[in-house]
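Computed from the coordinates by the stated procedures, all read-outs in this text should not be read as laboratory data. All values derive from a computational prediction rather than experimental measurement. Here the Cβ positions follow ideal geometry from the backbone for every residue, glycine too, while neighbour counts run over all protein chains shown.
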Amino acid sequence: MSDTFLQRVDAMVRAATAEDQAFSDLMPQIMSESQGLPPVVLNMAMMKMGEGIAAAPPNLGCWLAIMAGAWVENGATTFGVAEPVLAKTIEVATASGEFADAWRTATGNEPPGPDGQPSQEIVDTVGPHLRDPVGAMMAWFSMERFALSANTMLSKTPDLRAGVTDREHKAKVIDRLAGHCEQMGWVGLLLRVLDGERLLVLERESRRGWTVTIGGIGDNFQLHTLLAGALIGRPGGLPGTPPSPEVIACFQDADTPPDRPVISSPWNLVDAHGEWIYNEGVPYDIPAVNGTRVVVLDPPSYTRHFPAGRKHPLMTGSLTLDGMHEPEDLAGWWPHIAPARNPVGA
């Protein structure tokens, strides 16, 4: 059974790469057949799928990417496909940005929705302004599928996120398309997720501090809660009642129940410059001092309530407490830490 399936996958990938009409028959057959297969069989097909995603034109490679993403969400490995999906998504995003610019230049209007269909009329419209108008058009109409797959790959693969080079440039290329394709906006957010990042956490009142390592944290609601779980009511931590294990699990890797628990915030999070670290933001935006991002814990100005759960449900979040620092250990840090500023002027 597995040998037959792998042979069909190989045939499908060859058809996609060669732009053979057989692809339109093979793709739905393999998608249907794969639904009953265990992850161990799907894993054996992933290297071949990755080769196809890298080599096929975007209008066909995007379907391979969607299929690979579905397999990953059903338990298959990302090995062999995660890097090709992300690389192709960046490539498609770059071409899509050029398509959008050419369309605006040619028409004075916003480009058609990426869920539409390619046409000769579209090629004729952008053709005078692009070196490869057909390729740019195909990229535009495939970007949503690549973005869906890239969301899965980035969410499920910490090594892929951690290995992104030229991160801010790539995120900006993606961000340009967020107004046209919501999924691209999510890719941009995931490109800015930090993994294996050390933070220095300081409590202003006691002048104590802690070093923590974070990974897979999608927003500062999640950071806030995992910090509370690591520090409150723990030896060497802070007094109080920590969030329940069930709530903490919702911010790590557990499914959030339909009746989402609502929790309250124990602190204001403030950066080294005294600016508030808003829960709606992300750890990536916290400024560094001497190469280290700093979070200062202040008493809350008002009670904040928010529901449990992760911004990126497929991504596992982690926060590890690495060490505690007494006030005398931090004497050299506090001169670099500004007083908190109240953004509402109260």
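Residues of the range 73-115 with the amide nitrogen closer than 18 Å to a label point 7 Å from the Cα of residue 169, along Cα-to-Cβ, please.
86-98
Starting with the highest mean, order 106-114, 61-69, 271-279 by the number of other Cβ atoms within 10 Å, averaged over the residues of each peptide.
Output ranking for 106-114, 61-69, 271-279: 61-69, 271-279, 106-114.
Given charges of +1 on the Cβ of Lys and Arg and -1 on the Cβ of Asp and Glu, with all other atoms neutral, how large is the dipole of the chain about its Cα centre, in debye to the nearest 20?
With Lys and Arg at +1 and Asp and Glu at -1, about 560 debye.
Taking θ as phi - 60°, what are the ³J(HN,Hα) couplings along the range 141-154 by the Karplus curve (6.51, -1.76, 1.60), each to the nearest whole Hz, with x for Gly and Pro?
These are the phi-based 3J(HN,Hα) values: 7, 10, 5, 5, 5, 4, 5, 4, 5, 4, 4, 5, 5, 5 Hz.
Mind giving me the FRET efficiency for residue 249 and residue 292? R0 is 30 Å, r the Cβ-Cβ distance, nearest 0.05 is fine. Don't jump to the answer; show the numbers that get you there.
Numbers: r = 28 Å, r/R0 = 0.95.
It comes out at approximately 0.60.
Ranked highest first by average number of other Cβ atoms within 10 Å, how do 289-298, 95-104, 116-125 line up?
The peptides rank, most packed first, as 95-104, 289-298, 116-125.
Nearest 10 degrees is fine. How inclined is helix 82-107 to the longest principal axis of the chain, computing both from alpha carbons?
80
Can you compute the helix-only [θ] at 222 nm over the chain? Use -39500 (n - 2.57) per DSSP H run of at least 4 residues, normalise by all residues, nearest 500 deg cm²/dmol.
When only DSSP H runs of four or more count, the value is -15000 deg cm²/dmol.
Identify, among 254, 27, 318, the residue whose Cα sits farthest towards the positive end of the charge dipole of the chain, taking +1 on the Cβ of Lys and Arg and -1 on the Cβ of Asp and Glu, with the dipole about the Cα centre.
About the Cα centre, the residue reaching furthest to the positive side is 318.
Output wanted: per-residue J couplings in Hz (rounded whole) for the range 170-182, from phi through Karplus 6.51 cos²θ - 1.76 cosθ + 1.60, θ = phi - 60°, x for Gly and Pro.
With the stated coefficients, the range 170-182 comes to 5, 5, 5, 4, 5, 4, 4, 9, 4, x, 9, 9, 4 Hz.
Viscosity 1.306 mPa s, temperature 10 °C: Stokes-Einstein D of the chain from its Kirkwood Cα radius, in µm² per second? Intermediate results must be reported in sequence, preceding the final value.
Working: Rh = 22.4 Å.
In µm²/s, the coefficient rounds to 71.
Output the 0 to 90 degree angle, nearest 10, between the alpha-carbon long axis of helix 220-231 and the longest principal axis computed from the alpha carbons of the chain.
Long axis of 220-231 versus the principal axis of the chain: about 50 degrees.
Quick one: net charge of residue 298's neighbours, Cβ under 14 Å, K/R +1, D/E -1? Don't skip to the end; give the middle numbers.
Values: positive: 204, 207, 208, 304, 341; negative: 203, 205, 271, 275.
Net of charged neighbours comes to +1.
Which of the lysines could a cross-linker bridge to residue 311, judged by Cα under 27 Å and excluding same-chain residues fewer than eight apart?
Within the straight-line limit of under 27 Å, residue 311 reaches these lysines: 88, 156, 170, 172.
Where the Cα atoms of the range 126-250 are projected onto their three principal axes, how long is each span, largest first, in whole Å?
Dimensions of the range 126-250 along the principal axes of its Cα atoms: 67, 28, 24 Å.
What do you get for the angle between helix 39-55 and the principal long axis of the chain? Use alpha-carbon atoms, 0 to 90 degrees, nearest ten.
Around 70 degrees separate the two axes.
Each label point is 7 Å from the Cα along the Cα-to-Cβ direction; what then is the distance between the points at residue 182 and residue 303, in nm?
Between residue 182 and residue 303, the simple spin-label model gives 3.3 nm.
Mind checking the full-extension length gain between residue 115 and residue 91? Use 0.36 nm per residue of separation minus the Cα-Cα distance, one decimal, nm.
6.8 nm
With a cut-off of 12 Å, note down the residues of the range 131-175 whose backbone N falls inside the zone around a label point 7 Å from the Cα of residue 123 toward its beta carbon.
Taking a point 7 Å out along Cα→Cβ of residue 123, the residues of the range 131-175 whose backbone N falls under 12 Å are 132-138.
Highest mean first, what order results for 25-31, 246-252 on Cβ atoms within 10 Å?
Put in order of decreasing packing, that is 246-252, 25-31.
Consider all pairwise Cα distances in the range 247-328 and report the whole-number % of them above 17 Å.
61
Pull up all non-local amide H partners of residue 268: gap of 5 or more, or a different chain, and H-to-H distance under 5 Å with H placed in the peptide plane.
Under 5 Å from the amide H of residue 268 lie the amide H atoms of 298, 301, each far enough along the sequence or on another chain.
Amide H of residue 56: which non-local residues (sequence gap of 5 or more, or other chain) have their own amide H closer than 5 Å, using H built in the peptide plane?
For residue 56, no residues qualify.
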